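Reading through the structure tokens given below for one structure.
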Amino acid sequence: MKRHAILSVIMLCCITFLCAQPTLKQTINSNWQFHKGNFPGTTPGKGDTSNWDKISLPHTWNTTDINQDTGYYRGIGWYKKTIYIPASFQGKSVYLYFEGANQVADVFVNGQLAGKHTGGYTAFSFNISKLLNYGKEPLTANEIWVKIDNRYNDNVPPLTADFTFFGGIYRDAYLISANSVHFNMDSCAANGIRIKTPQVSNSEAAVTVDGAVTNVTSEKQDVKIVSAVFDADGRLIKETSSALKLPANSTTAFLQQVSPVLNPHLWSPDDPYLYHVVSSIYDKAGNLLDKSSNPLGLRWFRFDAATGFYLNGKPVKLIGANRHQDYKGLGNAVPDAIHEGDIKLLKDMGANFIRISHYPQDPAVLEACDRLGLMASMEIPIVNRITQSDTFTQNCKKMQLEMIRQNFNHPSLIIWAYMNEVLLVPRYQHDSPEQQKYFGDVAKLAATLDSLTRKEDSSRYTMISCHGDFDRYDKAGITRIPQIIGWNLYYGWYAPDFEGFGQFLDRHHRELPDKPLIVTEYGTDGDTRLHSFEPERFDKTIEYQTLFHKKYLKDIMDRPFVSGGAMWCLVDFNSYNRIDAAPHTNTKGVATDTRIPKDVYYYYQANLLKRPFIKIGSRNWTVRGGIANETGENIQPVEVYSNLPEVSLWLNGKLLGEQPVKDKVAIFSVPFKDGRNQLKASATLQVINYEDFAAINFKLQPVSLKDTVNRFKELNVSLGDTRFYTDDQLQQIWLPEKPYTPGSWGYIGGRVFSMKGSTLQKAGTNKNILGTDQDPVYATQRVGIDDFKLDVPDGKYEVNLLFAELLSRGERQSLANNLGNAGQKEEAPNRSFDIFINGDQVAEGLGDDNYLEPERAYSVRYTVAVTGGTGIDIHFKALKGESILNGLQVKKIF
């Protein structure tokens with residue numbers, strides 16, 4: 001057969017196949033070009049793009065600059081792609097569909113505007129059928145250009161927030177072709193089908209199919225709609241059909257009542273059983289024109305202000321987490337596998353609830369919730385404040401409609417929300433007439449969105465999440481608008497005492513007895529590099545984070561009227577405006593930004609999992625240190641999390657003892673030795689043994705630095721600090737400071753630095769120290785230090801001194817979300833001092849006139865020869881102001 005004949009047969013087969021297809025939806029993620037910035041005067045579809053970057057979707061232009069201290073790019077970016085359209089697409093309805101692009105998108109096809117979409121977190125689509133070129137050849141090239149504008153826009157929420165506004169086409173993009181008669185695709189980029197379950201019980205479930213069919217032909221059409229319910233194994237359970245007459249060039253609604261499903265297999269977190277509904281359109285000849293498949297979870301639920309949440313008639317405490325969508329190194333342009341992995345991470349923790357914050361996320365998220373069994377709340381990104389304009393209101397309404405219509409069919413969804421801490425950063429002067437009007441306009445917008453939501457979907461609840469200013473929200477009337485109030489509460493973190501948390505919950509129940517509540521945020525930063533055996537508020541240690549969650553979970557569980565709690569948050573995420581010791585990162589996750597669980601994650605597993613569980617705490621703190629006792633050991637506490645009654649712990653094969661498990665925790669005193677320490681925890685239930693293991697590399701400091709058995713090797717000390725700091729990359733452990741004792745090491749004189757006016761942390765600062773990745777070391781300091789002595793044996797040593805001036809001139813602004821920490825006016829000290837090591841002057845007039853720049857790391861290393869048993873004495877002589885020292889490293893060379 002000749003080549004052209006073979007091609008003709010192949011193309012004929014392809015055309016026949018395409019014509020038989022109801023709707024073809026295919027990704028167009030590959031082979032895009034990208035240009036960062038605008039190019040005025042260039043018409044989309046024209047101009048030289050040869051130097052544009054070659055990229056694939058998902059894509060954001062902020063993968064690297066969001067970790068830089070000079071600002072991240074919020075502006076315009078252009079995308080370009082060639083798509084090849086088959087001749088068989090002529091006469092069909094062809095759409096471009098984008099799952100998300102942040103935040104304003106203009107889409108052009110062959111130089112003509114296809115449409116514009118505002119809002120960075122909902123999907124959008126445009127019918128491009130009339131803009132395409134259809135050639136005689138099998139495939140015809142067509143040019144897509146997309147302009148993305150991520151600049152601040154006062155009419156587009158979010159206006160401010162504690163997360164980064166990544167730019168780009170950061171989710172999947174699709175090309176969709178449908179027959180001239182198809183399920184409606186022009187209603188907020190939804191799929192044209194709504195599955196409803198108006199009545200569900202243990203004995204039967206009513207199912208309705210509410211949809212619309214579009215006929216783009218110039219003739220009326222008679223079609224049949226068939227909807228079939230299948231069980232999880234694909235067996236047909238129920239089927240219904242109805243005839244529908246379609247006027248020319250029209251969209252026609254239909255409603256089908258499916259006969260009740262008897263003895264339904266109910267959906268729940270413990271058993272997330274999914275039916276599915278397949279709806280099909282047939283023409284008079286019986287040809288399939290379109291088909292849509294949607295999940296069906298049969299469940300019913302309600303919120304009660306006095307007794308909490310009920311699922312399928314049984315009380316259930318909603319316990320879970322909030323989740324942001326970014327990943328370290330990827331920004332928010334993450335593949336579906338990461339979205340799905342986060343839902344599995346939360347499910348494996350034992351959770352049954354997720355608050356999808358603070359914006360609709362990738363479709364893969366709710367698909368995984370349906371499949372794995374997590375109930376969900378979803379919201380649009382009205383965060384911190386609003387704009388009092390009709391354009392802002394209309395954009396909010398459009399976002400709310402898009403969110404609801406695009407996600408309507410997910411059985412995991414139980415709440416639609418629309419505001420988060422919206423009175424946190426109010427406009428205008430406090431208590432001014434303008435501000436009172438502003439509060440009234442916020443309430444008006446809330447009422448508008450609440451009414452729209454209830455009209456659009458009466459089967460789910462509405463919610464607003466508020467920060468912990470009860471009086472402000474109640475006075476503004478916000479607490480009376482939604483069906484549920486969510487409270488974001490941080491007593492023991494931003495507010496000073498834990499007791500305030502329970503008192504706040506009780507106040508809500510007392511003053512709003514008819515309003516169900518959820519604790520929609522609670523949490524603390526947990527920096528995996530920081531540890532303390534005496535944790536305290538705002539030290540950002542893993543131990544304080546765990547302590548905080550222990551108290552909060554108990555208060556939530558002990559109050560029946562509290563429907564549940566969503567911790568803040570599942571994973572650490574990028575927040576560019578945060579400039580503290582973990583720059584540009586919110587570390588309140590129960591797992592890191594690379595999804596490594598922290599201690600608190602295991603604590604929740606011990607409380608929530610229904611299978612036997614045992615886990616050694618601080619298992620990721622693999623490099624530790626401390627000073628040896630008389631027996632050559634350092635005793636440190638180790639927590640084991642378990643839901644079993646008793647736990648045993650071994651160290652290097654030796655049984656340390658057994659401990660009863662109290663409140664899901666057993667605590668052991670572990671005598672660590674220098675080098676590798678192997679821990680094993682075990683527990684037995686019904687003759688089955690459960691075990692967990694952890695390996696610790698312990699760097700033991702000799703009790704006497706001149707010990708000839710446990711010889712001194714190196715020492716890293718964080719001055720002005722009570723915490724341990726671990727540098728995993730360098731495998732270094734930094735010990736907290738201590739006063740000097742003969743034969744050992746320590747400081748002489750001075751005091752711990754603390755920020756004046758700070759209501760948060762007792763020591764150090766939460767600033768971002770520039771020029772270093774070791775911010776926690778540089779962020780604490782001993783002021784007025786006289787000496788640092790080490791009674792080391794004779795030899796050659798390297799001494800590294802670390803400094804950072806923690807004060808700077810002018811007003812320091814506070815991040816709005818750091819509640820209770822107002823802006824602080826600082827006065828930089830005028831300081832200089834000399835440094836002597838063993839009597840030799842090594843630095844002259846070190847101060848803010850030379851090396852000590854405000855909020856920037858400075859280190860200097862010296863080589864020291866110790867002879868005659870003198871040890872090392874580092875002396876600081878103040879010339880102006882007071883001397884300082886932030887950190888010290890001493891390493892023996894020989």
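The values are calculated or read from the model by the stated rules, or taken from the named source; none is laboratory data. Everything numeric here is computed off the predicted structure, so don't read it as measured data. Quick reminder, even Gly has a Cβ in these numbers, built from the backbone with ideal geometry, and neighbours come from all protein chains shown. Please note that ligands, DNA and RNA were not included when accessible areas were found on the heavy atoms of the full protein model with its side chains. Shrake-Rupley method; radii C 1.70, N 1.55, O 1.52, S 1.80 Å.
Among the residues of the stretch 661-686, those identified as more than 11 Å from residue 640 (Cβ to Cβ) and not in a loop (DSSP other than H, G, I, E, B) are 662, 669, 671, 672, 675, 676, 677, 678, 684, 685.
Scan the stretch 132-167 for residues that are in a loop (DSSP other than H, G, I, E, B) and within 17 Å of residue 36 (Cα to Cα) and the total you get is 6. Checked against (1) modelled with pLDDT of 95 or more; (2) within 38 Å of the chain's Cα centre (by Cα), residue 764 passes all but a single condition, namely (1). In the stretch 290-317, the residue that is farthest from the chain's Cα centre (by Cα) out of those that are aliphatic (A, V, I, L, M) and buried (at least 21 other Cβ atoms within 10 Å of the Cβ) is 298. Of all the criteria given as (1) part of a strand (DSSP E or B); (2) open to solvent by less than 30 Å² (accessible area, probe 1.4 Å), the one not satisfied by residue 644 is (1).
Where strands (runs of 3 or more DSSP E) sit wholly within the stretch 775-894, those with at least 3 residues that are open to solvent by less than 30 Å² (accessible area, probe 1.4 Å) and at pLDDT 95 or above occupy 787-790, 795-804, 832-837, 840-847, 857-866, 872-880, 887-892. Annotation note: of 525, 497, the sole residue that is surrounded by 16 or more Cβ atoms within 10 Å (Cβ to Cβ), assigned to a loop (DSSP other than H, G, I, E, B) and charged (D, E, K, R) is 525.
The residues listed here are 734, 745; of these, the one that is at pLDDT 95 or above, of a type in the set (A, V, I, L, M, F, W, C) and over 24 Å from residue 622 (Cα atoms) is 745.
Scan the stretch 541-560 for residues that are in a loop (DSSP other than H, G, I, E, B) and open to solvent by 20 Å² or more (accessible area, probe 1.4 Å) and the total you get is 2. Go through the stretch 673-691 and give me each residue that's in contact with a Phe, Trp or Tyr (Cβ under 9 Å, 6 or more places away or on another chain) and farther than 28 Å from residue 736 by Cα. Scanning the stretch 673-691 gives 681, 682, 683, 684, 690. Cβ separations smaller than 8 Å between residues 6+ apart or across chains give the following pairs from the stretch 53-71 residues that are within 10 Å of residue 331 (Cβ to Cβ) to residues that are open to solvent by 80 Å² or more (accessible area, probe 1.4 Å): 61/36.
There is at least one residue in the stretch 649-662 that is more than 30 Å from residue 770 (Cβ to Cβ), β-branched (Val, Ile, Thr) and touching a strand residue (DSSP E or B) at 6+ places or on another chain (Cβ under 9 Å).
Quick grid of which residues meet (1) in contact with a Lys or Arg (Cβ under 7 Å, 6 or more places away or on another chain); (2) buried (at least 16 other Cβ atoms within 10 Å of the Cβ):
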site	(1), (2)
445	no, yes
451	no, no
458	no, no
462	yes, yes
466	no, yes
471	no, no
474	no, yes
477	no, no
481	no, yes
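Within the stretch 750-763, not a single residue is free of Cβ contacts under 8 Å to residues at least 12 places away in the same chain and either buried (at least 21 other Cβ atoms within 10 Å of the Cβ) or part of a loop (DSSP other than H, G, I, E, B) (or both).
Scanning the stretch 31-71 for residues that are closer than 18 Å to residue 143 by Cα, open to solvent by less than 30 Å² (accessible area, probe 1.4 Å) and of a type in the set (S, T, N, Q) turns up just one, 49.
Checked against the criterion of being among the small types (Gly, Ala, Ser), over 18 Å from the mean Cα position of the chain (by Cα) and surrounded by fewer than 22 Cβ atoms within 10 Å (Cβ to Cβ), the candidates 617, 564, 653, 625 yield just one match: 653. Residues in the stretch 90-121 that are more than 22 Å from residue 401 (Cβ to Cβ) and buried (at least 18 other Cβ atoms within 10 Å of the Cβ): 4 in all. The number of residues in the stretch 168-213 that are among the hydroxyl-bearing types (Ser, Thr, Tyr), over 28 Å from residue 338 (Cα atoms) and assigned to a loop (DSSP other than H, G, I, E, B) comes to 5. Of the residues 49, 43, the single one that is β-branched (Val, Ile, Thr), part of a loop (DSSP other than H, G, I, E, B) and more than 30 Å from residue 164 (Cβ to Cβ) is 43. For the stretch 692-714, which residues satisfy the criterion of being open to solvent by less than 50 Å² (accessible area, probe 1.4 Å) and more than 23 Å from residue 740 (Cβ to Cβ)? Passing the criteria: 692, 694, 695, 696, 698.
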